[in-house]
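J.: Submitted below is the structure of interest, expressed as structure tokens.
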Amino acid sequence: MQTLIKLLGLDLDGTLLDSNKQISAVTLQRLRAACDAGVVIVPVTGRPERGIPAVVRGVPGIHYMITTNGAVTRNTDTNEILNASYISESSVHRIVDILGDRGNLMEVFTDGAGYVSQKNYEALLNAYAGTPLESYMKQSRRPVDDIFSFTAGAGKIEDIAVDFKSAVPEDVIARLSLLPDVQIIYSRSSYIEITDGNATKGKALLRLAEALGIDARNSMACGDDTGDISMIQAAGVGVAMANAREDVKRAAAFVTRSNDEDGVAHAVDKFILGGTRRISQTVS
């Protein structure tokens with residue numbers, strides 16, 4: 001079956017952005033060409049909205065953004081939120097109770113930003129000083145006096161990220177797993193993210209495709225990390241970067257070059273600018 005790509009979902013870190021958090025001139029040119037061909041280009045990122053870099057906002061043809069791992073979809077032309085999946089108020093209170101003082105509650109994402117305790121805010125800025133992520137942290141993080149009190153009263157929470165510094169306690173996972181409307185994302189053995197069950201990149205991309213009248217088979221998604229698997233599997237063409245985790249590569253139909261080797265540009269060339277392509281579920 002011949003399928004024309006009309007919607008392109010792009011993860012940012014490790015995918016569209018290179019190691020210096022920039023978009024190469026080659027990749028930018030390919031994205032402009034895809035836009036000129038009528039393709040809707042959508043950043044689909046774990047970053048909150050305030051953490052979207054200017055280099056991404058400046059890409060021509062971007063009218064929508066999916067942020068915080070699928071929790072919020074916004075029309076950037078009108079500033080309208082098209083879809084949002086927030087953690088329910090009852091679950092937020094249960095999460096705060098479950099975590100107690102055993103975990104280091106690092107970040108609570110709401111209203112497009114990440115909120116942290118004053119101590120953790122200073123630690124984050126120090127940790128990323130002089131790195132490509134320094135400006136991202138300054139743009140997207142906000143300090144609060146008491147992160148637990150803030151969490152309990154914030155409302156419309158997109159994501160709660162917790163770092164236990166060592167393995168996540170089994171009883172914490174067991175109790176969180178009993179909450180019916182949340183999901184737990186493991187970034188590493190000591191670090192988890194808690195989101196609404198409907199807040200995935202794949203579901204958000206499919207909802208946007210439906211709103212735009214685009215068949216999911218006419219979509220393509222590129223990513224590199226575990227959180228990208230859902231959209232790679234949901235899209236008509238799922239693309240993993242060469243620098244992606246192995247489980248991401250296994251979920252993809254195609255493995256492109258790395259984010260430092262214009263991998264997105266290579267995939268756009270193959271499936272969009274090269275003309276109508278046959279979608280294959282085998283890696284080539």
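No lab work stands behind these numbers, since they all come straight from the coordinates. A quick note: this is a predicted structure, and the numbers were derived from the prediction, not measured. All Cβ positions, glycine included, derive from the backbone under ideal geometry; neighbour counts span all protein chains shown.
J.: Let me know the charge dipole size of region 162-284 about its Cα centre in debye, to the nearest 20, where only the beta-carbon of Lys, Arg (+1) and Asp, Glu (-1) is charged.
T.: 420
J.: Oh, and also: Sum up the charges of everything whose Cβ sits under 15 Å from the Cβ of A129, counting Lys and Arg as +1 and Asp and Glu as -1, but leave A129 out.
T.: Computed value for this residue: +1.
J.: How do the peptides 196-206, 168-178, 253-263 rank, highest first, by the average count of neighbouring beta carbon atoms within 10 Å per residue?
T.: Highest to lowest by the protection proxy: 196-206, 253-263, 168-178.
J.: Once both axes come from the Cα atoms, what is the angle between helix 201-211 and the longest principal axis of the chain, in degrees from 0 to 90, rounded to 10?
T.: 60
J.: Shifting gears a bit: Among 216-224, 149-157, how do they line up from the highest to the lowest mean number of other beta-carbon atoms within 10 Å?
T.: 216-224, 149-157
J.: While we're here: Helix 89-99 versus the longest principal axis of the chain: what is the Cα-based angle in degrees, 0 to 90, to the nearest 10?
T.: That helix lies at roughly 60 degrees to the long axis.
J.: Using θ = phi - 60° and the Karplus curve 6.51 cos²θ - 1.76 cosθ + 1.60, what whole-Hz ³J(HN,Hα) does each residue of region 124-138 get, with Gly and Pro shown as x?
T.: Ordered by residue, 3J(HN,Hα) equals 4, 4, 5, 5, 9, 4, x, 10, x, 8, 4, 5, 4, 4, 5 Hz.
J.: Quick one: net charge around G9, please, counting Lys, Arg +1 and Asp, Glu -1 for every other residue with C-beta under 15 Å from its C-beta.
T.: 0
J.: Out of residues 5 or more away from E107 or on other chains, whose amide H comes under 5 Å of its own, with H placed 1.01 Å from N in the peptide plane?
T.: A161
J.: Hey, another quick one. Helix-derived [θ] at 222 nm for the chain: sum -39500 (n - 2.57) over DSSP H runs of at least 4, divide by residue count, nearest 500?
T.: Details: 11 runs with 90 residues, N = 284.
The per-residue figure over the chain is -8500 deg cm²/dmol.
J.: Reachable lysines from K138, Cα under 27 Å, same-chain residues fewer than 8 places away excluded?
T.: Leaving aside lysines fewer than 8 places away in the same chain, those within reach of K138 are K21, K119, K156, K165, K201.
J.: Calculate one ³J(HN,Hα) per residue across region 144-158 by plugging θ = phi - 60° into the Karplus curve 6.51 cos²θ - 1.76 cosθ + 1.60, and present them in order as whole Hz with x for glycine and proline.
T.: Along region 144-158, the couplings run 9, 5, 10, 5, 6, 5, 4, 4, 5, x, 6, x, 6, 7, 8 Hz.
J.: Measuring from the lowest to the highest alpha carbon on each principal axis, how far does the chain reach, largest first, in angstroms?
T.: Projected onto the principal axes, the Cα atoms of the chain cover 56, 40, 38 Å.
J.: With label points built 7 Å along Cα→Cβ from the Cα atoms of A211 and D181, find their separation and express it in nm.
T.: Here the modelled spin labels are 2.0 nm apart.
J.: Which three lengths, in whole Å and largest first, does region 18-175 cover when its Cα atoms are put on their principal axes?
T.: Computed over region 18-175, the largest-to-smallest principal extents equal 52, 36, 28 Å.
J.: Still on this structure, please answer the following. Kirkwood hydrodynamic radius, region 136-224, all distinct C-alpha pairs: what's the number in Å?
T.: One over the average 1/r among Cα pairs gives 15.9 Å for region 136-224.
J.: Additional query: Obtain the nm distance between the two label points defined at D77 and N20 by a simple spin-label model: each point lies 7 Å from its Cα along the Cα-to-C-beta direction.
T.: 3.3
J.: How do the peptides 11-17, 30-36 rank, highest first, by the average count of neighbouring beta carbon atoms within 10 Å per residue?
T.: Listed from highest to lowest mean packing, they are 11-17, 30-36.
J.: In the neighborhood of H266, defined by Cβ-to-Cβ distances under 10 Å, what is the net charge if each Lys or Arg adds +1 and each Asp or Glu adds -1? If you can, show how the numbers build up before the last one.
T.: Working: positive: R30, R257, K270; negative: E261, D262, D269.
Result for the neighbourhood of H266: 0.
J.: Something else: Which value, in debye to the nearest 20, gives the size of the charge dipole of the chain about its Cα centre, when Lys and Arg are +1 and Asp and Glu are -1 at the Cβ?
T.: 740
J.: For region 67-83, in order, what is each residue's ³J(HN,Hα) by Karplus, 6.51 cos²θ - 1.76 cosθ + 1.60 with θ = phi - 60°, in whole Hz (x at glycine and Pro)?
T.: Ordered by residue, 3J(HN,Hα) equals 10, 6, 6, x, 6, 9, 10, 10, 7, 6, 6, 9, 6, 7, 7, 7, 7 Hz.
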